[in-house]
Amino acid sequence: MANTNVRLKLPFVCFAWQIAMIILFGVFVRYNNESDAHWVQNMAQNNITSAIENDFYYRYPSFQDVHVMIFVGFGFLMTFLKRYSFGGVGFNFLIAAFGIQWALLMQGWFHSLDPSTGKIYIGIENLINADFCVAGCLIAYGAVLGKVSPVQLMVMTLFGVTLYAVEEYIILNLLHAIDAGGSMIIHVFGGYYGLAISWVLYRPNLHQSKHLQGSVYHSDTFAMIGTLFLWMFWPSFNSATTYHGDGQHRAAINTYLCLTSCVLTTVAISSLSQKTGKLDMVHIQNSTLAGGVAMGTAAVFMVSPYGALIVGFCCGILSTMGYLYISPFLEKTLKIHDTCGIHNLHAMPGVIGGIVGAITAATASESVYGMQGTVFAQGGYQAAGMCVAMVFGIGGGAIVGEFLDKLQGLLTQPSW
Amino acid sequence: MANTNVRLKLPFVCFAWQIAMIILFGVFVRYNNESDAHWVQNMAQNNITSAIENDFYYRYPSFQDVHVMIFVGFGFLMTFLKRYSFGGVGFNFLIAAFGIQWALLMQGWFHSLDPSTGKIYIGIENLINADFCVAGCLIAYGAVLGKVSPVQLMVMTLFGVTLYAVEEYIILNLLHAIDAGGSMIIHVFGGYYGLAISWVLYRPNLHQSKHLQGSVYHSDTFAMIGTLFLWMFWPSFNSATTYHGDGQHRAAINTYLCLTSCVLTTVAISSLSQKTGKLDMVHIQNSTLAGGVAMGTAAVFMVSPYGALIVGFCCGILSTMGYLYISPFLEKTLKIHDTCGIHNLHAMPGVIGGIVGAITAATASESVYGMQGTVFAQGGYQAAGMCVAMVFGIGGGAIVGEFLDKLQGLLTQPSW
Amino acid sequence: MANTNVRLKLPFVCFAWQIAMIILFGVFVRYNNESDAHWVQNMAQNNITSAIENDFYYRYPSFQDVHVMIFVGFGFLMTFLKRYSFGGVGFNFLIAAFGIQWALLMQGWFHSLDPSTGKIYIGIENLINADFCVAGCLIAYGAVLGKVSPVQLMVMTLFGVTLYAVEEYIILNLLHAIDAGGSMIIHVFGGYYGLAISWVLYRPNLHQSKHLQGSVYHSDTFAMIGTLFLWMFWPSFNSATTYHGDGQHRAAINTYLCLTSCVLTTVAISSLSQKTGKLDMVHIQNSTLAGGVAMGTAAVFMVSPYGALIVGFCCGILSTMGYLYISPFLEKTLKIHDTCGIHNLHAMPGVIGGIVGAITAATASESVYGMQGTVFAQGGYQAAGMCVAMVFGIGGGAIVGEFLDKLQGLLTQPSW
């Protein structure tokens, strides 16, 4: 009986939502100037002399790196549980594929809608932003891995993308904050969204299934594939949508440097924490990435190479400490079970990233940015942006969590 | 005695063929304008003011993505059999490395030969086309995985590349059909070539070795590496050789969208097909990719974003149905054993792609493509192209299969 | 007691060195012209009309490929030992992250220091060169994998990067040799540096731990991930820092071709060497890459496509022969234990690469390179460069090895 439910509900949701997507895309979505066959006319009008000026060539390599992070990076990072390797990589694949489509629509309505035609015009930058939006939901998935059914995951993604698009609009367009790599918009929102859902769905008997949650030697090696692709391509993540030229160049350098110093402090704290001096693979797999999260907001700023190293230095320490002390505290005291430790990898480093961005913006002088930069005397707007991300994450997660809780009675969960 | 044969024959084939390649490259192959040290003179003559106009910068990122699909994508997708993981990834490596060289020559004679000098001039686009050509042979390998010896594989690749180059010439240069991502040229040809060979080589006692063909949990996780790299980089595959600017841009967007909707319908059908509602990893590993195959021909056309979603929607359903119903039928009734299910992943979606291309071309109006597009009133030529690909695949495969069958008596097969 | 030492020393080294890096970066390192926010002014001064002319767009895709080679390529290639998979991929990660920072400083002082300001100005090319420099140390790690502690590895990397920067300065700036892909600077130096250290650290009782060094089926499959990413992205490695336009284009083509022929001769010799004709995974994992090493120096030269195939042909044979005959000889007679066989993959092919470069340079005529090429009548300087690399490798390795030997008494080694 229960099995029949499962058997019918996931297919039904997939079919119904995919058909809805097709209809909405048919009504709203068109190619933009640079991906339309009339682009040559457009080039002539805009005095562009070479096809290499198409935004595609500025952003496509970074887009592909981001795409690898979403599907291989997040997917394999979640294979560390020996019993949920398929679930980690497989459901990550499913919800990312759905989320991308819904994100193109939601973000399109807010950012790429031409009011005169009522159409959303998409190009390579929309694809990157859709991948970014989905990243927020995949982060949230990390908190509830192994605790929710596929249908719950799809619902969580539907609402997650919706909330994301709204908070992104508020932060970028109303507050005019800068958050190219999404410390606030992606990581703070996604992290707290997942934690709030996990808090609502907390069940005491969860502890009984803990023996199912162990990792084995080769599942940890699989997870390193995810870690390394995330680590290597994070410079592309933070620079993918920044402005052409020195903007993308500097964002990549800052993120690259920040991540290197994060590795060293992660190793140091991990080694200190164990009596034998051995390293804990959980720390190596996760905390080494915290630097990339924390450079998200400020990557494009003139933070200086040593500034980037300092941010990484602090994040490696804090994130590893998080695994050692904060995660057990969250579980025992606040009853929040965080399967992948997203609080330490995303939520907390995201907050640091928001603070770094606010401070950098508040203290930037016009002379540093030359004639082209805007004056970043807007630390306050950056800080306000972070509050918005946090409120949307916690508030949205609590409400969506309650809804998922209702669904739970109706569904059983295939163990795959 | 038999072992001595094996021990001598594979080395002999590798050495002899590699020496032949060196001689033929010495006689025929030279750098083209853009990869030759005289390019600066060439730039001046052609009023190119910047080195960034070199075709290398338009295509190299896509080329590397295609390269990953060939070696990691196809290679790891074939590691799902616990007993043939090495064979899958290792022989894939061997035949791709040989096939690339032979493809550069064969395709060069047909497409890049300067009649005045009798030389083939190669650049980055030739490398991509060589990778494409090899993809056809690797698809065919998927049908006979675990059933043929390395020498047979080398022979199969030699003839496969030769046939490919001829059908490609007929389809692109004589019929003037369009097939940028190779739905017809690569997937229909490669699919039927492999199936025809497998049909000729069919042995009843094959069933006895079925227990050797199971997958285990971690071999399925390895296969997901192949799946994901194929899935993520397919937009590069379909856009790698399309025209600069909006052509590459649009082909990438269409493929990206088509693949996302394919994932949802694959999951839906897979879940429906199992009593418990669990998902079958074979479907997730393979059918999610069918959308990329089916967008091969029409990727560069103005199919509209929703059109791309519809193609993916249908392919996910058909490909998964193929694994459930068509593969068992092919094996029981037609005596075609298809180890990796290439009929469902390549042959059938390739046919769909050819049909989509023909319909789109037949119904395209000049106004859609603006001043730069050609009039695609050529649905008939597209359809003719698909027939050529199918005839070459089935006919060529049957003949090559007979030849391999003769070889089988002379060779034994190392199990690696 | 010993454990306490380990527990304190690795964290201490990580913290102290990372703090030193931050201070040195604060004093010395700044963004260069193209990554600074004043770049728009700079564009105007230099008559650059488009942001696409920023060096970032010429080199970033290659940089990311190199980055993947360093972390996934080298890291996973070292997972083949079932007991040291974590150590291989994890310590590779640690020392690469540290080495990159130190390399930016050391190489910066030699190559990017503006004497008027006393600052090092960094951009994308510096990041690639730092990755290159670290590659030398990771090669050396391959010789001592499983025999040294993390602290010893960090010390080895500190000195390795230092020696590398000096020999690179001598070879490129004083001798004006050309070595774009680093056959000499990276592979000869790194290979002999590691072998010399391994020779000094040789212990007879090492044999007792040999049963710990076996590989298992899935650890060999993991190692294939490393092999394939190295193999696929080697064209990017050899072309990443060559000159814009035809330079990068030709270097990629030459490397691509060289690697394909290397695969065939590796398979041939490997199959010949086994009584059953089966292939040895160690050969497939390593010797197939020797062609990329050997094209390092001459990749940008007009060696002709068939010339590249010949180099690969020879390297596949020699490298596989090395695993069969030279490695056992080195261990038995010279008491050099080479865990990953870096002599066969890096040192020896690097020497071949240096020789190929010297011969090509010595025989190049001005007419081949046209108006833009320099006259490469400098075979002698190339040969001298190789001697410098070898002397630095062997001499430096012997001295650093003695120092590590002293450290060994003070440290114990966590087995992770």
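The values are calculated or read from the model by the stated rules, or taken from the named source; none is laboratory data. Quick caveat: nothing in here was measured; it's all calculated off a predicted structure. Reconstructed Cβ throughout: ideal geometry from the backbone, glycine too, with neighbour counts over all protein chains shown.
If you check A:TYR169 against the conditions, is it of a type in the set (Phe, Trp, Tyr), assigned to a helix (DSSP H, G or I) and surrounded by fewer than 24 Cβ atoms within 10 Å (Cβ to Cβ)? If you could, list the steps in order and put the result at the bottom.
Working: of a type in the set (Phe, Trp, Tyr): yes; assigned to a helix (DSSP H, G or I): yes; surrounded by fewer than 24 Cβ atoms within 10 Å (Cβ to Cβ): yes.
Answer is yes for this residue.
For A:THR162, are the conditions met, namely being part of a helix (DSSP H, G or I), at pLDDT 95 or above and surrounded by fewer than 24 Cβ atoms within 10 Å (Cβ to Cβ)?
yes
Within segment A:254-265, count every residue that is at the interface with another protein chain (Cβ under 7 Å from one of its Cβ atoms) and either outside any helix (DSSP H, G or I) or over 12 Å from C:ILE100 (Cβ atoms) (or both).
Let us first name the residues in segment A:254-265 that are at the interface with another protein chain (Cβ under 7 Å from one of its Cβ atoms), namely A:256, A:260-261, A:263-265.
With either outside any helix (DSSP H, G or I) or over 12 Å from C:ILE100 (Cβ atoms) (or both) added as a condition, the list becomes A:265.
Qualifying residue count, segment A:254-265: 1.
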Any residue at all in segment B:83-91 that's within 8 Å of chain C (Cβ to nearest Cβ) and more than 18 Å from the chain's Cα centre (by Cα)? yes
Determine whether B:ALA96 is touching a residue at least 40 places away in the same chain (Cβ under 8 Å), of a type in the set (Gly, Ala, Ser), more than 7 Å from chain C (Cβ to nearest Cβ) and under 16 Å from C:LEU279 (Cβ atoms). yes
Which of the residues that make up segment C:266-284 are more than 8 Å from chain B (Cβ to nearest Cβ) and buried (at least 24 other Cβ atoms within 10 Å of the Cβ)? C:THR266, C:SER270, C:HIS283
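Select, from B:ILE336, B:ILE326, the only residue that is farther than 14 Å from B:CYS262 by Cβ and outside any helix (DSSP H, G or I).
Numbers: B:ILE326 fails: outside any helix (DSSP H, G or I).
None of the others qualify; the one that does is B:ILE336.
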Among the residues of segment B:111-135, write down those that are closer than 16 Å to B:LEU24 by Cα and among the hydroxyl-bearing types (Ser, Thr, Tyr). B:SER112, B:THR117, B:TYR121
Residues within segment C:233-244 that are at the interface with chain B (Cβ under 7 Å from one of its Cβ atoms) and surrounded by fewer than 24 Cβ atoms within 10 Å (Cβ to Cβ), tallied: 1
Return the pair list, or none, for Cβ contacts closer than 7 Å from residues in segment A:125-144 that are farther than 16 Å from A:MET156 by Cα to residues that are hydroxyl-bearing (Ser, Thr, Tyr), at least 6 apart or on different chains. A:GLU125/A:THR241; A:ASN126/A:SER112; A:LEU127/B:TYR256; A:ILE128/A:THR241; A:ASN129/A:THR241
Breaking point among (1) modelled with pLDDT of 90 or more; (2) charged (D, E, K, R); (3) in a helix (DSSP H, G or I), for B:ARG30: (3)
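Within the bounds of segment B:179-187, is there any residue that is within 14 Å of B:GLY385 (Cβ to Cβ) and without any contact (Cβ under 8 Å) to a residue 12 or more places away in the chain? Walk me through how you get there before you give the answer.
To start, the set of residues in segment B:179-187 that are within 14 Å of B:GLY385 (Cβ to Cβ) comprises B:179-187.
Next cut, without any contact (Cβ under 8 Å) to a residue 12 or more places away in the chain only: none.
The answer is no, given that none of the residues of segment B:179-187 is within 14 Å of B:GLY385 (Cβ to Cβ) and without any contact (Cβ under 8 Å) to a residue 12 or more places away in the chain.
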Does segment C:173-184 contain any residue that is at pLDDT below 95, among the hydrophobic types (A, V, I, L, M, F, W, C), part of a loop (DSSP other than H, G, I, E, B) and under 13 Å from the mean Cα position of the chain (by Cα)? yes
For A:THR117, which of the numbered conditions (1) surrounded by fewer than 24 Cβ atoms within 10 Å (Cβ to Cβ); (2) of a type in the set (Val, Ile, Thr); (3) within 14 Å of chain B (Cβ to nearest Cβ) fails to hold? (3)
Mind listing just one residue for me: the one in segment B:38-62 that is under 24 Å from B:LEU105 (Cβ atoms) and surrounded by fewer than 22 Cβ atoms within 10 Å (Cβ to Cβ) and, of those, farthest from the other protein chains (Cβ to nearest Cβ)? B:ASP55
From the list A:THR288, A:THR221, pick out the single residue that is hydroxyl-bearing (Ser, Thr, Tyr) and under 22 Å from A:ALA135 (Cβ atoms). A:THR288
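Restricting the search to segment B:239-250, which residues are of a type in the set (Gly, Ala, Ser), touching a residue at least 40 places away in the same chain (Cβ under 8 Å) and either within 15 Å of A:PRO61 (Cα to Cα) or not in a helix (DSSP H, G or I) (or both)? Step through it out loud before you land on a result.
Going through segment B:239-250, the residues of a type in the set (Gly, Ala, Ser) turn out to be B:239-240, B:245, B:247.
Narrowing further to those that are touching a residue at least 40 places away in the same chain (Cβ under 8 Å): B:239-240, B:247.
Scanning segment B:239-250 gives B:SER239, B:ALA240.
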Filter segment B:208-267 for residues that are basic (Lys, Arg) and under 22 Å from A:PHE25 (Cβ atoms) and give the result. B:ARG250
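Looking at this structure, is B:VAL293 more than 10 Å from chain A (Cβ to nearest Cβ) and surrounded by fewer than 24 Cβ atoms within 10 Å (Cβ to Cβ)? Quick ask: steps written out before the conclusion?
Working: more than 10 Å from chain A (Cβ to nearest Cβ): yes; surrounded by fewer than 24 Cβ atoms within 10 Å (Cβ to Cβ): no.
For B:VAL293, the condition - more than 10 Å from chain A (Cβ to nearest Cβ) and surrounded by fewer than 24 Cβ atoms within 10 Å (Cβ to Cβ) - is not met.
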Subset of segment A:340-360 (residues that are more than 13 Å from A:GLY322 (Cα to Cα) and not hydrophobic (A, V, I, L, M, F, W, C)): A:GLY350, A:GLY353, A:GLY354, A:GLY357, A:THR360
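State yes or no: is A:TYR121 more than 23 Å from C:TYR60 (Cβ to Cβ) and in contact with a strand residue (DSSP E or B) (Cβ under 7 Å, 6 or more places away or on another chain)? Talk me through it step by step, then tell me what you get.
Details: more than 23 Å from C:TYR60 (Cβ to Cβ): yes; in contact with a strand residue (DSSP E or B) (Cβ under 7 Å, 6 or more places away or on another chain): yes.
Considered against the rule, which asks whether it is more than 23 Å from C:TYR60 (Cβ to Cβ) and in contact with a strand residue (DSSP E or B) (Cβ under 7 Å, 6 or more places away or on another chain), A:TYR121 comes out as yes.
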Quick check on C:GLY350: is it surrounded by fewer than 22 Cβ atoms within 10 Å (Cβ to Cβ), in a helix (DSSP H, G or I) and modelled with pLDDT of 95 or more? no
Within segment B:244-271, residues farther than 18 Å from B:CYS315 by Cβ and over 20 Å from the mean Cα position of the chain (by Cα) come out as B:HIS244, B:GLY245, B:ASP246, B:GLY247, B:HIS249, B:ARG250
For segment A:219-255, how many residues meet the condition of being of a type in the set (A, V, I, L, M) and touching a Phe, Trp or Tyr at 6+ places or on another chain (Cβ under 6 Å)? 4
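Can you pull out the residues in segment B:323-342 that are under 19 Å from the mean Cα position of the chain (by Cα) and not acidic (Asp, Glu)?
Of segment B:323-342, the ones under 19 Å from the mean Cα position of the chain (by Cα) are B:338-342.
Once the filter is applied, which keeps residues that are under 19 Å from the mean Cα position of the chain (by Cα) and not acidic (Asp, Glu), segment B:323-342 yields B:THR339, B:CYS340, B:GLY341, B:ILE342.
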